[in-house]
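Each remark here refers to the structure printed beneath this line.
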Amino acid sequence: MKILSAEQIRAADAFTIEKEGIQSDELMERAGSAIFGWLNSQLNGSPVTLHIFCGTGNNGGDGLVVARHLLEHGYQIQVYIVNYSDKRSADFLINLDRLKDRKVWPEVIKEESALPVIPEGDIVLDAIFGTGLNREPEPWVCKLMQSLNKSKALVVSIDVPSGMFLERHSDPKQVVHAHYVLTFQHPKLPFFLPSSGRFCEQWVALDIGLHQEFIDSLDTAYELIGFREVRPLYRFRKKFSHKGTYGHALIVGGSHGKMGAVILSSEACLRSGSGLVTAFVPGCGYNPLQSALPEVMVMTGKDESELTEIRMPFTPSAVGIGMGMGTSKASIAAFRAFLESNTSPLVVDADGLNAISKDRSLLKLMPPGTVLTPHPGELERLIGPWKDDFEKLEMARKFVGEHHCLLVIKGAHTMVVSGTKGYVNSTGNPGMATAGSGDVLTGVITGLLSQGYLPEEAALMGVYIHGRAGDLCLDSQSMESSIASDITAHIGAAFREFYTEDSDEKEREVRE
């Protein structure tokens, strides 16, 4: 699903109006009707009072349309006009007149007005600012929004939480904190970023009939990846294939006390379909690997406690490296020697990333298309500190362009940055914030690379499968009790979902 910029949203509106020969207020009517339809399906005639706060632009106009439909269906409403500007959009005025025709005169809130009191249990419908916001709200409007945040009402925002900017940082004190955001057609990038996503607990994309021909023609900087986008990448196995068909992966890492990382990664690599997996570890890892994973072959270096060399008698189909490896001088030297000779597709994680941060000349030795899988701290050491999430993404895109690699930025919504495009993963949950989860992800991506998936395909499918397996863990346990090996245990169930054609139902499960 494409994530549109503010400019693209405006262009989609304009194209739809022109292509379909409708007036702009007719498109606003569609939007307001869609919002009402969702609200009505949830409330089902409940006697709750809805407090509708409308700005003076088109977002406020949307709110007025909703207010009219709520009134006509017997709901109790209180409508407010937040008078932050003397200017009114034409469609706002049209719908204000339509509401007044039904004997509803909204209360006008100005700078000197007392803040409305919202009783506990009521609903706030936020239609103050939309996606066109391009400046900081006035201080008195911020106070109003803060009072809505402090209320004990359920807050529902239209399109975006008011005060949220689409393409730059938003001050938490100047944004409505919405329990639900009913957004039009496509989600917005800030919904998925750590600093702004907290303003949007849940979002629902409502179809308002934007012209699909135009949407399809757009080249967006970011896309949301779910079942519908990943399933076409999946390759069904051939009847007469064998283990050699699906590659021989190499997992490299481990040190004294940190062999679990390699075990987790190696098993995930196997569970993701690699035909053969060999683990290269220091001597202390031989017995743990052979005992824990009889399906995995094990090779060891000369040193018992850390990797001081990485050698192999075969050319692997793909390599995952760095988990638990350590960053001693000897380990980094071994890593460098490996990179100098390696030509196989590569995934670098954990201490492999830390080694690169210590010696950036290692970046030049990575094969094109190498997948780097940093958590936030590792990412900062790689690309440098950032002011906010938007700058972080720009820095990540620049890094990827300079080093011809892919970045898998781990988080609540793991993002894959590849070339000039960013992909936002839709699966996963807070239960995956547990030790070893990243090691499993490295194994999944390595296993997919080993089978011949291209780096971008392996990264996109890998983060989706990893997150989906984490979601499936919750069928039998809580977020608190989930551990990394549980994620691995559910990889098969995540893959099995690709066997069905019921993509619409699966999409709903994943995105809700």
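The values are calculated or read from the model by the stated rules, or taken from the named source; none is laboratory data. These figures come from a predicted structure and were not determined experimentally. Neighbour counts are summed over all protein chains in view; Cβ atoms, including those assigned to glycine, are modelled from backbone coordinates with ideal geometry.
Condition check ((1) surrounded by fewer than 22 Cβ atoms within 10 Å (Cβ to Cβ); (2) of a type in the set (A, V, I, L, M, F, W, C); (3) more than 35 Å from the chain's Cα centre (by Cα)) across all residues:
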residue: 283; (1), (2), (3): yes, no, yes
residue: 292; (1), (2), (3): yes, yes, no
residue: 296; (1), (2), (3): yes, yes, no
residue: 303; (1), (2), (3): yes, no, yes
residue: 308; (1), (2), (3): yes, no, yes
residue: 320; (1), (2), (3): no, no, no
residue: 337; (1), (2), (3): yes, yes, yes
residue: 347; (1), (2), (3): no, yes, no
Fill in: Residues located in segment 462-484, provided they are surrounded by 15 or more Cβ atoms within 10 Å (Cβ to Cβ) and out of contact with any Ser or Thr (no Cβ under 9 Å at 6 or more places or on another chain)
472
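One line per residue, one yes/no per condition, for (1) among the β-branched types (Val, Ile, Thr); (2) surrounded by fewer than 21 Cβ atoms within 10 Å (Cβ to Cβ); (3) in a helix (DSSP H, G or I):
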site	(1), (2), (3)
32	no, no, yes
35	yes, no, yes
40	no, yes, yes
45	no, yes, no
63	no, no, yes
66	yes, no, yes
74	no, yes, no
79	yes, no, no
87	no, yes, no
Discussion item. Please count how many residues of segment 210-233 are assigned to a helix (DSSP H, G or I), more than 17 Å from residue 459 (Cα to Cα) and of a type in the set (A, V, I, L, M, F, W, C).
Written reply: 2
Worksheet item: Inside segment 343-429, counting only strands (runs of 3 or more DSSP E) that do not spill past its ends, which hold 3 or more residues that are in the same structural domain as residue 255 (by TED's automatic domain parsing) and closer than 14 Å to residue 322 by Cα?
Response: 346-348
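Each row is one residue, and each column tells you yes or no for (1) of a type in the set (A, V, I, L, M); (2) under 21 Å from residue 79 (Cα atoms); (3) in a loop (DSSP other than H, G, I, E, B); (4) assigned by TED's automatic domain parsing to the domain that holds residue 61.
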| site | (1), (2), (3), (4) |
| --- | --- |
| 126 | no, yes, no, yes |
| 137 | no, yes, yes, yes |
| 143 | no, yes, no, yes |
| 148 | yes, yes, no, yes |
| 156 | yes, yes, no, yes |
Fill in: Residue satisfying all of: in segment 234-281; β-branched (Val, Ile, Thr) and assigned to a helix (DSSP H, G or I); surrounded by the most Cβ atoms within 10 Å (Cβ to Cβ) among these
262
Discussion item. If I ask for residues that are closer than 21 Å to residue 188 by Cβ and acidic (Asp, Glu), which ones from segment 1-56 would you list?
Written reply: 7, 13
